[in-house]
1. Just for segment 31-71: of the residues that are part of a loop (DSSP other than H, G, I, E, B), among the hydrophobic types (A, V, I, L, M, F, W, C) and at pLDDT 90 or above, which one is farthest from the chain's Cα centre (by Cα)?
2. Pick out the one residue from K71, K24, K61 that is on the phi < 0 side of the Ramachandran plot and surrounded by 10 or more Cβ atoms within 10 Å (Cβ to Cβ).
3. Residue pairs, Cβ under 8 Å, 6 or more apart or interchain, first in segment 38-58 and within 14 Å of K68 (Cα to Cα), second among the hydrophobic types (A, V, I, L, M, F, W, C) and assigned to a helix (DSSP H, G or I). List them.
Amino acid sequence: TGYTRDGLESMNQNMHNAKALIKKAVASLPPQRESRCECDQALKNCIVTQPDSIPEESKEKLRYIIEKYIK
């Protein structure tokens, strides 16, 4: 692969540093986002297609965005 021992050790250390930084950043986030707008519910009244008319492939592809609105 062309990687040297020092190069691999450096990449490994960078990975550990990144993980530690991410853990620290996530731990400092507030437990719940303070919402002063309703942008987290922007799709609430926008999906007018009947759920049984939406192809399963589309439901699966968009599940993280639409699952709370498509029952």
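The values are calculated or read from the model by the stated rules, or taken from the named source; none is laboratory data. Worth saying up front: this structure is predicted, and the values here are computed from it rather than measured. Cβ sites come from the backbone with ideal geometry, for glycine too, and all protein chains shown count toward neighbours.
1. Among residues in segment 31-71 that are part of a loop (DSSP other than H, G, I, E, B), among the hydrophobic types (A, V, I, L, M, F, W, C) and at pLDDT 90 or above, the one farthest from the chain's Cα centre (by Cα) is V48.
2. Going through K71, K24, K61 in turn, just one is on the phi < 0 side of the Ramachandran plot and surrounded by 10 or more Cβ atoms within 10 Å (Cβ to Cβ): K61.
3. Taking only residues 6 or more apart or on different chains, the pairs are L43/I65; L43/I66; I47/I66.
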